[in-house]
Amino acid sequence: MKQQHTLLLHIKILVFMLMFCVSVNAQNDSILSTQNDSTAIKLKYGLRVGGDIGKLIRSFVDDEYSGFEILADYRIKKSLYIAGEIGFEEKKTVTDYMDITSTGTYLKAGVDYNSYQNWLDMDNMIYFGFRVGASSFSHDLNNFTIYSTNQYWDPQFSSNDKQEFKGLTAFWAEVILGLKVELFNNLYMGLNVQLKMLASETEPNNFQNVYIPGFGKTYDSSSIGTGYSYFLSYRIPLYKKNK
């Protein structure tokens, strides 16, 4: 429930920023109409690389989490980008019946489409994206308790013997709604929210995956997941084309 409230907060922030950009764009349209039509506007092309600052901050403030993510995109057409992310996560999950540490790496690849109409030499994005993701991970089951419905005749069984489950994999697809704003020349800040659909996963014996690096928390056998990202990125300019 806490994660759902957090995601809703990020969605509200994203919607507010989208509305602000639309308002600014409407004002800029009136300015653009006064410009000289003969002025040549250049679009910047290059490799944009950055990092998820949200994961870094969480790693410092949350004792049960550590992780990082590197992201990149490359413009192939005026509004179309190929994009991807690679990262690492370690998440400790503690419940009344289980203490488990999930560790792994992940890779996501896909495309982003910019629906924002920039004016003059602006280079902001309000974008929709699609990703295919894959994760390779392991679980360390630190301790567990087997719940018994009749605890008087059949007490709960507990074990503190650590068990390791390696070689686990998962594959999923996700859709993204996001925003990127150029703060300074070639330096960008942005955020996005993600809706994920788990396609396949390998599970340890006798229990289900509770956290998949890159995908996030799983909810009672549901194949739906959510996520968000705050990031800074820098574009390495390669060349320009007429707008």
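The values are calculated or read from the model by the stated rules, or taken from the named source; none is laboratory data. Small disclaimer: the values here were computed from a predicted structure and weren't measured. A quick note on method: Cβ atoms are made from the backbone with ideal geometry, for glycine too, and the neighbour counts reach across all protein chains shown. Side chains are part of the model used for accessible areas, which takes the heavy atoms of the whole protein and leaves out ligands, DNA and RNA. Shrake-Rupley method; radii C 1.70, N 1.55, O 1.52, S 1.80 Å.
Out of all the residues in the stretch 196-220, which are assigned to a strand (DSSP E or B) and open to solvent by 90 Å² or more (accessible area, probe 1.4 Å)? Before the answer, list the steps.
Kept after step one, since they are assigned to a strand (DSSP E or B), are these residues of the stretch 196-220: 196-201, 211-212, 216-217.
Answer for the stretch 196-220, where residues must be assigned to a strand (DSSP E or B) and open to solvent by 90 Å² or more (accessible area, probe 1.4 Å): MET197, LYS217.
For ASP73, are the conditions met, namely being modelled with pLDDT under 95, out of contact with any helix residue (DSSP H, G or I) (no Cβ under 8 Å at 6 or more places or on another chain) and either under 30 Å from PRO213 (Cβ atoms) or of a type outside the set (Ser, Thr, Tyr) (or both)?
When the stated conditions are applied, ASP73 does not pass them.
How many residues, within the stretch 32-53, are touching a Phe, Trp or Tyr at 6+ places or on another chain (Cβ under 7 Å), modelled with pLDDT under 95 and not in a strand (DSSP E or B)?
1
Residues of the stretch 168-192 being of a type in the set (S, T, N, Q) and in contact with a Lys or Arg (Cβ under 8 Å, 6 or more places away or on another chain), which ones?
ASN186
Given (1) open to solvent by 70 Å² or more (accessible area, probe 1.4 Å); (2) at pLDDT below 60; (3) farther than 23 Å from ASN242 by Cα; (4) not β-branched (Val, Ile, Thr), where does PHE68 come up short, assuming only one miss?
PHE68 satisfies all of (1) open to solvent by 70 Å² or more (accessible area, probe 1.4 Å); (2) at pLDDT below 60; (3) farther than 23 Å from ASN242 by Cα; (4) not β-branched (Val, Ile, Thr) except (2).
Just for the stretch 72-91: of the residues that are of a type in the set (A, V, I, L, M) and open to solvent by 20 Å² or more (accessible area, probe 1.4 Å), which one is farthest from TYR116 (Cα to Cα)?
Step one: of the stretch 72-91, the residues of a type in the set (A, V, I, L, M) are 72, 76, 80, 82-83, 86.
Pick out the ones that are also open to solvent by 20 Å² or more (accessible area, probe 1.4 Å) and you get 72, 76, 80, 82, 86.
On the way: ALA72: 19, ILE76: 16, LEU80: 12, ILE82: 17, ILE86: 26 Å.
Checking each candidate, the answer is ILE86.
Tell me which of these ASN28 doesn't satisfy, since it passes every other one: (1) open to solvent by less than 30 Å² (accessible area, probe 1.4 Å); (2) at pLDDT 75 or above.
Failed condition: (2).
What do you reckon, is VAL94 open to solvent by 50 Å² or more (accessible area, probe 1.4 Å), modelled with pLDDT of 95 or more and of a type in the set (A, V, I, L, M, F, W, C)?
For VAL94, the condition - open to solvent by 50 Å² or more (accessible area, probe 1.4 Å), modelled with pLDDT of 95 or more and of a type in the set (A, V, I, L, M, F, W, C) - is not met.
May I ask you to list the residues in the stretch 213-239 that are under 19 Å from the mean Cα position of the chain (by Cα) and closer than 16 Å to MET98 by Cα?
Residues satisfying the conditions are LYS217, THR218, TYR219.
Restricting the search to the stretch 97-117, which residues are part of a loop (DSSP other than H, G, I, E, B) and either within 17 Å of GLU174 (Cα to Cα) or without any contact (Cβ under 8 Å) to a residue 40 or more places away in the chain (or both)?
Here is the first cut: in the stretch 97-117, the ones part of a loop (DSSP other than H, G, I, E, B) are 97, 115-117.
If the condition is that a residue be part of a loop (DSSP other than H, G, I, E, B) and either within 17 Å of GLU174 (Cα to Cα) or without any contact (Cβ under 8 Å) to a residue 40 or more places away in the chain (or both), then SER115 is the only one that fits.
Among (1) open to solvent by less than 70 Å² (accessible area, probe 1.4 Å); (2) at pLDDT below 95, where does TRP172 come up short?
Answer for TRP172: the failing condition is (2).
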